[in-house]
1. With labels modelled as points extended 7 Å from the Cα through the Cβ direction, what inter-label distance (nm, one decimal) is found for E44 paired with H79?
2. Using 0.36 nm per residue of separation minus the Cα-Cα distance, give me the extension gain between K69 and L30 in nm, one decimal.
3. Consider a paramagnetic label point 7 Å from the Cα of I18 along Cα→Cβ; state which residues of the range 44-65 have an amide N under 17 Å from it.
Amino acid sequence: MKDTVERRLHTRHRARTIVYITVPGGRRKLCKAVNLSATGVFIETSNLGLRKGQQVVLSFAINLGTIIKLHRRTAVVAHVSRGGTGLMMETYAQASN
């Protein structure tokens, strides 16, 4: 039996957070993040019409106790499946340039 090699650079973590995804044209959809890493996220989606390589904007609400902070990241669609969409986020350094 052949061992599979993990190609991800960052460990995925199960996520229980809500993500707003904004697609070209300004349409925004509320989705659930299934797993999250430093550079990617898999979200449950249906019928968004996303294509591999398409750019979207993700908005995460992070609860810091008394403050809720909103994080926005530009991401590129890495793959689309029946269960959802895998997105590769720009790194913080790239997003601030």
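None of the figures in this text is laboratory data; all of them are computed from the coordinates on show. Just so you know, these numbers come straight off a predicted model, no measurement behind them. With ideal geometry, Cβ positions are generated from the backbone for all residues, glycine too; neighbour counts draw on all protein chains shown.
1. With each label placed 7 Å out from Cα toward Cβ, I get 2.0 nm.
2. Extending this stretch completely gives an extra 12.4 nm.
3. Correct set: 44-46, 58-65.
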